[in-house]
Amino acid sequence: MNVLNNLLFNLPMVEIKMYNPVHIIVCLFFPIMAIATYFIFKNKSEKAKLIFIWIIMGIAFVATWLTFITDVITKESTRLNFFSSLPLHMCSINVILYPLFFGLRKKMPKLIGSTTFAYMYFMGSIGAVLAMVVTAPGDCQGTGINFLTYNVFTYWLKHGLIFIIPLLFVSLGFYRPTLPDVLKATVFLLGLLIVMECVNLLFSELNKLTGGTKIANFFYTRTGAGTAVLEICWNWIGIELVYLLPLAVIAVPLFAIYYSPFFIADLINKRKNKKVKNQ
């Protein structure tokens, strides 16, 4: 058991399983938080906005890596399978990429800057939504899983923050999505998936050399084991990396939802400009 869970003794049982009331409340909490943050900070200085964004990015980072560090200290299985236990899944990588991209936003060339923000908004945020609503693993939700235990709580906290941080980039004025950004984000993600497939192959071999028994499966490129929806895709297709393609069926409508406010706003502005020209 994680040492941080041991510190939180006598916890009440708050079971979280897919689509039960606790799960629904957790999933609704973060968009409500994003909306509330917008209204609280919309008229604040840029400095105040930056401080808040850096704080929540820091919380997501600490929650991710503190869990891993305590697991290394307390769990022999994590030490034996060190290379496959690193927090290198998509959302765990994003707790590093978000502050990196955001911190370098003024120093990057325009194309690279827009691509990184596009990835965070269309892929990072939507990936977190999928992790919360569709692909949450069995050790973070299910019968007998207590939401208040440290590892479970930080799973939902981390993914909720990764979901809303790019929304705050947009609502607080640091980024404005465009239609080509969807393609940029897709290309970036495909490149990242290929890189992680190579990392998985390398780290799986390193695991064997150090006495480990588990394969590295970051970004779930090698198998969908442990996640119900991905297991269905894996059993259906059974080809590494390729089996993730059916997720596009879910992702495309989400892309449309994420871009639709800006599409509508552009349409309204074009009509206004036409009226002004015709007057």
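The values are calculated or read from the model by the stated rules, or taken from the named source; none is laboratory data. Quick caveat: nothing in here was measured; it's all calculated off a predicted structure. Virtual Cβ from ideal backbone geometry, glycine too; neighbours counted across all protein chains shown.
General remarks:
- Test set (1) in contact with a His (Cβ under 8 Å, 6 or more places away or on another chain); (2) among the hydrophobic types (A, V, I, L, M, F, W, C); (3) outside any helix (DSSP H, G or I) - Cys91 fails condition number: (3)
- Filtered residue count, the stretch 106-140, keeping only those that are surrounded by 23 or more Cβ atoms within 10 Å (Cβ to Cβ) and not in a helix (DSSP H, G or I): 1
- Within the stretch 195-217, restricting attention to residues that are β-branched (Val, Ile, Thr) and in contact (Cβ under 8 Å) with a residue 40 or more places away in the chain, the residue that is surrounded by the fewest Cβ atoms within 10 Å (Cβ to Cβ) is Thr213.
- Qualifying residue in the stretch 65-81 (condition: within 23 Å of Asn217 (Cβ to Cβ), under 15 Å from the mean Cα position of the chain (by Cα), of a type in the set (A, V, I, L, M, F, W, C) and surrounded by fewer than 18 Cβ atoms within 10 Å (Cβ to Cβ)): yes
- Unmet criterion (only one of (1) β-branched (Val, Ile, Thr); (2) farther than 14 Å from Ile164 by Cα; (3) touching a residue at least 40 places away in the same chain (Cβ under 8 Å)) for Val95: (2)
- The set of residues in the stretch 21-75 that are part of a helix (DSSP H, G or I), of a type in the set (D, E, K, R) and at pLDDT 95 or above comprises Glu46, Lys47, Lys49.
- The set of residues from the stretch 193-229 being in a helix (DSSP H, G or I) and over 19 Å from Asn94 (Cα atoms) comprises Leu201, Leu202, Phe203, Ser204, Glu205, Leu206, Asn207, Lys208, Leu209, Ala228, Val229.
- Test result for Ala48, touching a residue at least 12 places away in the same chain (Cβ under 8 Å) and either more than 15 Å from the chain's Cα centre (by Cα) or at negative phi (or both): no
- Qualifying residue in the stretch 98-118 (condition: in contact with a Leu (Cβ under 8 Å, 6 or more places away or on another chain) and closer than 26 Å to Val229 by Cα): no
- The single condition from (1) modelled with pLDDT of 90 or more; (2) in contact with a helix residue (DSSP H, G or I) (Cβ under 7 Å, 6 or more places away or on another chain); (3) part of a helix (DSSP H, G or I); (4) farther than 25 Å from Phe68 by Cβ that Leu190 fails is (2).
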